[in-house]
Every structure is written in structure tokens, then in C-alpha cells.
Amino acid sequence: MEGRYLINFDSRQLPYYETELLIIGGGIAGLYTAWKAAEIGLKPTVLTKGTIDDTNSGRAQGGIAAALGETDSPDLHYKDTILAGAGLCDFNAVKILVNEGPARVKELINIGANFDRCGKELAMTQEGAHSKKRILHAHGDATGAEIMRALAAQIKVQDKVELLEQYFVIDLLVDDNICYGALAFDENTGQCVVFWSKAVVLASGGAGQLYQYTTNPEVATGDGIAFAYRAGAEVMDMEFVQFHPTTLVLPEAPRFLISEAVRGEGAQLRNSRGERFMPRYHGMAELAPRDVVSRAILYEMAKTGEDCVYLDLTCLPRETIKKRFPTITATCARYGLDITRELIPVAPAAHYLMGGVKTNCHGETSVYGLYACGETACQGVHGANRLASNSLLDGLVFGNRIVDKVRNYIKLSAPEEHPHFSCQELFEPAGSFTCIKKELKHTMSENVGPLRTTQRLTQALAFFDKNSWLQKHRCRGPREMEVRNMLEVGRLIAEAAMMRTESRGGHFRLDFPETMSRWQKHIIIRR
Ligand code: SIN
């Protein structure tokens with residue numbers, strides 16, 4: 001089949017590792033799953049493309065949502081999640097998330113994750129579309145970093161997880177719809193390696209780098225979704241991309257996230273004329289669902305002709321700002337902005353992919369022995385629009401649910417010879433991939449962004465057609481493989497967005513602005 005593998009290889013000719021459980025990805029979902037798997041006696045190997053210090057999870061600022069407050073309940077958290085998901089949440093997945101979430105967060109506290117407190121009580125803040133203050137945070141706005149620190153420390157103490165950094169997974173080894181492991185490129189040695197494994201868990205994160213502006217790190221190129229799709233796994237809800245409303249817009253500065261918690265603490269959005277505009281768009285004003293706030297900002301930018309709007313924190317006491325948001329304060333200060341006195345220029349940027357590799361509520365994909373959790377996976381828990389601070393929770397809850405299934409699967413799988421895998425294509429000589437990556441980001445941002453039309457999506461699909469010749473090219477290394485993966489995932493997003501002739505959550509069509517009951521269903525794509 002054309003384009004099944006990114007490179008030519010022969011599994012008999014390559015060095016190999018054998019492991020019981022291969023986990024691809026070292027963010028919260030990957031590390032947590034590894035820890036829990038090791039706890040029940042499995043021997044996991046975690047592969048990360050970069051290092052565990054450079055993940056989306058580690059960048060999470062606002063926090064982790066859990067119904068732990070006295071006046072809160074899983075039921076209220078359930079209602080908020082369903083409402084934000086705009087009619088597409090899987091009810092059972094959401095029930096699992098909100099009911100199992102508090103226990104998972106308590107586990108983090110037990111292993112030393114140091115969440116902020118008000119006296120002895122956990123401090124909780126509010127974020128968009130939450131009806132209660134239920135967002136736990138750490139070191140003010142460094143929640144993800146603290147959770148990752150605690151998990152990494154736990155895994156080190158436990159000493160049962162093999163962590164291999166700088167391994168780029170090229171493709172999954174799937175025969176007769178059974179996953180036997182993965183082919184990877186070891187960036188430390190420059191060699192390809194085969195990982196034979198009884199089960200594989202994909203926890204390789206999202207795809208924000210498909211867009212020009214994103215809160216995601218360089219590594220977020222959608223690789224896991226691309227190689228799972230090439231291997232025959234079903235993907236779902238790919239049209240739903242969440243754009244975070246408030247990322248920093250300053251020359252020289254990256255599109256750094258300005259946490260929604262800032263609005264949760266009372267900051268207001270103003271246009272370039274100084275007018276507060278969110279109350280005109282939604283009853284919850286600055287705390288409306290993210291898709292609503294992002295679109296409102298884009299409309300205000302179009303009206304005023306500016307490339308940003310402004311976040312005004314000056315109503316908050318200086319000391320509160322510095323204590324509550326030390327990372328944001330310091331980052332903005334590095335670019336000459338004192339957020340205790342000045343407004344922060346902000347605009348939306350790609351943040352989170354609701355879609356991904358389709359799983360059930362135990363992380364099982366449509367391929368035997370292949371599981372997925374975290375942002376790579378899609379069991380429908382976020383529907384068409386993720387509720388703020390539900391993503392770290394998702395990584396824990398669904399990572400945990402994979403473990404028992406994997407144990408049973410491994411127990412049942414007979415020790416057998418691995419099939420022979422190889423690819424010997426007549427690849428054409430390689431051209432330059434770098435300019436294609438730039439064009440891809442431009443195409444996705446212009447045509448498959450927060451405001452879509454048939455015309456824009458047609459242009460995007462034409463771009464993918466034009467570049468389909470790349471499938472016949474041998475990738476010379478991980479950076480070129482990333483471009484191939486980005487093209488694969490970008491096309492999936494554009495195709496699904498074209499199919500869905502309505503607007504819902506993170507998918508907005510200017511030419512089909514209404515939400516239609518006939519579209520209250522998922523788009524599932526399989527190669
Ligand atoms: C934020 O802090 O605004 C991001 C949190 C999230 O994406 O849930």
C-alpha cells in the first residue's frame with residue numbers, strides 16, 4: 001500500500017529490543033501509565049522523542065480540574081464538561097473522568113505533587129465554562145511542571161520503568177491488525193532500532209505545530225496519530241481543534257500561553273479602543289467556553305484592524321499577580337512588559353486537538369495490542385470542545401484504565417515468533433522538506449483555523465494533493481519524517497472539517513454557522 005512506511009527497512013537486519021510494554025510519549029499520560037503499569041508488575045519501556053523536560057504537559061499553567069471542593073461534585077463537573085463539549089461528548093467517558101478524577105489527583109498529592117494551598121485547604125481557581133472553583137494549581141502557574149516533576153521522581157524511586165529519551169518512533173509494526181511493536185530512530189546513535197513489544201501504548205501528545213502560532217512545544221507534530229493511522233487504526237473527531245484565546249503577541253516573543261486562570265482571577269479582555277467586549281458575546285463574559293472567546297477576539301481584531309486584543313490585569317493587586325502568576329509575570333518581563341501595570345497583547349493560537357486515535361474507555365484502539373491515552377487518543381471525553389484543565393486529568397484517568405486491560409492482553413498473548421516486517425519501495429531521490437513545513441503551517445493557519453469556509457478548506461485540500469508526491473520520497477531523518485506526519489494529520493483535519501457542514505465547538509464554518517442535530521455524530525476515518 002502506498003506510503004505505509006516512511007522508510008525502507010528490514011526487521012531482520014536491524015538491532016532490536018524486546019519489552020513487555022512499550023509506551024510512546026513521556027508527558028503526563030505516558031509517565032503516569034508507566035508508573036501504574038510498573039506498580040502491577042509489568043515492565044514498561046517509555047520512548048520519548050525529545051526529553052521528558054520538554055512536553056506539552058510540562059507547560060500546562062492553569063491547572064488540573066477535579067471536583068474536590070466542598071460545594072462541588074462530580075455531577076456538576078460532568079454537567080460543565082458536557083456543556084462545553086457542544087453535544088459530542090461520550091457520556092460514559094465523561095462520567096468516568098469526573099468520578100475517577102479526584103482519586104487520581106489524590107494519588108498525585110500522595111506522591112508529593114505540591115499543589116498550592118490556602119492554609120491547609122487546596123487552593124482552587126475558576127476557568128472558562130466551569131460553574132465552580134475546581135482548578136488545582138501549583139507554584140501559581142506552573143502546574144504541569146510540578147506534576148511532571150512528581151511523576152518523574154516517582155518513576156525514579158520505583159526504578160522499574162526503562163526511560164529512553166531521544167527516540168523518534170517512525171512506524172508501528174502491525175500485521176493482520178495486531179500490533180507487535182514499533183520501528184524507531186535512535187537520535188543518540190543515528191540508527192534505526194526495532195522495539196518488539198506485547199502491547200504498545202500511544203501517549204505521544206498533540207499536533208499544535210501544524211499551525212503557525214501555537215502554545216505547543218516543537219515536538220507536538222502529531223506523529224502518534226499519523227503512524228497509528230498509517231498502521232490502520234481509526235481516528236475520530238479530527239476537525240475539532242481548540243484555539244486558546246490568550247497567547248502573548250509581542251515581537252520576538254514566542255506565542256507564550258497566558259493562562260485562562262488569569263481571567264479566572266478577574267482579568268478582563270479589551271479591544272484596542274480600550275472597550276471591554278466579552279459581555280457582548282456571552283453571558284459568562286471572559287469565562288465563556290474557549291471557542292466563543294477565541295472567535296470574539298478574532299471578530300474584535302478584524303473590526304479594529306489590529307493583530308491582538310488586550311488582557312487587563314491591572315484591576316488585581318500587584319502582589320497577587322506576582323504570587324499567583326510568577327511564570328507569566330517573569331516571561332512577560334523578559335520581553336519588557338510589566339503585567340502589573342501594562343495590558344498584555346494577546347491573540348488566539350492552536351492549543352489542543354480534541355480528535356485523535358479512536359479508543360474505547362479502556363484505551364483500546366481498533367488495532368489489537370495498540371492502546372492510546374492523553375491528547376493522542378479520542379474516546380470522546382472532550383466532545384467538540386475541551387473544558388479548561390480537563391486535559392491533565394484525562395491523561396491520568398484514561399492512562400490508569402489502560403493498565404488492567406494491557407495486563408490481561410499480555411497474559412493472553414502467546415509467546416510467538418514476531419512476523420517479519422520490511423519495506424522495499426522504489427523511493428525517488430529526496431527534495432527539500434523544510435519549505436513544505438512552512439507552507440503547511442501557513443495553509444493550516446489560513447484555511448483550517450478557527451474560522452473555516454468551503455473555499456478555504458478546498459485550498460487546504462489542494463495543498464495536500466499538491467504535496468502528495470512526498471509519499472514517494474524517502475525520509476532522510478526525523479525532521480523530514482515529522483513533515484510527512486504533519487502532512488498526514490493536516491489532511492485528516494482538513495478532510496473532516498470539510499465533511500462537517502455545520503459549526504460546533506472548536507469547528508466553526510462561516511458558511512455553515514448553525515449547529516445541526518443531524519451532525520450530532522462523530523467522523524471516523526480509517527486508511
Ligand atoms: C490554561 O492555563 O489556560 C490552559 C489550561 C488548559 O488548556 O486546560
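Readers should treat all values here as calculations from the given coordinates under stated rules, not as data from a laboratory. Quick caveat: nothing in here was measured; it's all calculated off a predicted structure. Using ideal geometry, Cβ is built from the backbone for each residue, glycine included, and neighbour counts are taken over all protein chains shown.
Which lysines does K323 reach when only Cα atoms under 23 Å apart count, and residues fewer than 8 places away in its own chain are ignored? Hits, sequence-local ones excluded: K120, K132, K133. Sites listed here are GluC sites (Glu not before Pro) in the stretch 1-98 whose DSSP assignment is loop and whose Cβ has at most 11 other Cβ atoms within 10 Å: E2, E70. About its Cα centre, the stretch 460-523 has a charge dipole of approximately 260 debye under the convention of +1 per Lys or Arg Cβ and -1 per Asp or Glu Cβ, with nothing else charged. Determine the calculated [θ] at 222 nm for the chain from helices alone, applying -39500 (n - 2.57) to every DSSP H run no shorter than 4 residues and normalising by the residue count; nearest 500 deg cm²/dmol. -11000 deg cm²/dmol, from helical runs alone. Here the spin labels are modelled as points 7 Å beyond Cα on the Cα-Cβ line, and at T515 and E39 they lie 3.6 nm apart.
Are any of the pairs K160/K198; K303/K441; K36/K405; K95/K405; K49/K466 more than 23 Å apart by Cα-Cα distance, and if so, which?
Beyond 23 Å between Cα atoms: K303/K441; K49/K466.
Computed about the Cα centre, the dipole magnitude for the stretch 182-289 is approximately 380 debye when only Lys and Arg (+1) and Asp and Glu (-1) carry charge, each at its Cβ.
Between Q471 and T458, what length comes free when the chain is fully extended (0.36 nm per residue of separation minus the Cα-Cα distance, one decimal in nm)?
Using 0.36 nm per residue and subtracting the Cα-Cα distance, I get 2.6 nm.
The packing ranking of peptides 371-383, 166-178, highest mean first, is 371-383, 166-178, where packing means the average number of other beta carbon atoms within 10 angstrom of each residue.
Once C-alpha pairs closer than 8 Å and six or more residues apart are averaged by separation and normalised to the residue number of the stretch 309-415, the relative contact order reads 21 percent.
Treat the chain as a sphere of radius equal to its Kirkwood radius over Cα pairs and apply Stokes-Einstein at 25 °C in a medium of 0.890 mPa s; give the translational diffusion coefficient in µm²/s, rounded to a whole number. Before the final figure, lay out each step's value.
Working: Rh = 23.2 Å.
Result for D is 106 µm²/s.
Along the axis of the charge dipole computed for the stretch 372-438 (Cβ charges of +1 for Lys and Arg, -1 for Asp and Glu, origin at the Cα centre), the listed residues F427, L412, L393 are led at the positive end by L393.
For a distance above 25 Å, tell me the whole-number percent of Cα pairs in the stretch 272-408 that qualify. Tail of P(r) above 25 Å: 48 percent of Cα pairs.
Of interest is the spacing of the C-alpha centroids, which for the stretch 165-217 and the stretch 476-523 amounts to 22 Å.
Given +1 at the Cβ of Lys and Arg, -1 at the Cβ of Asp and Glu and no other charges, the dipole of the chain around its Cα centre is 840 debye to the nearest 20. Axis of helix 434-447 versus longest Cα principal axis of the chain: the two differ by about 50°, to the nearest ten degrees.
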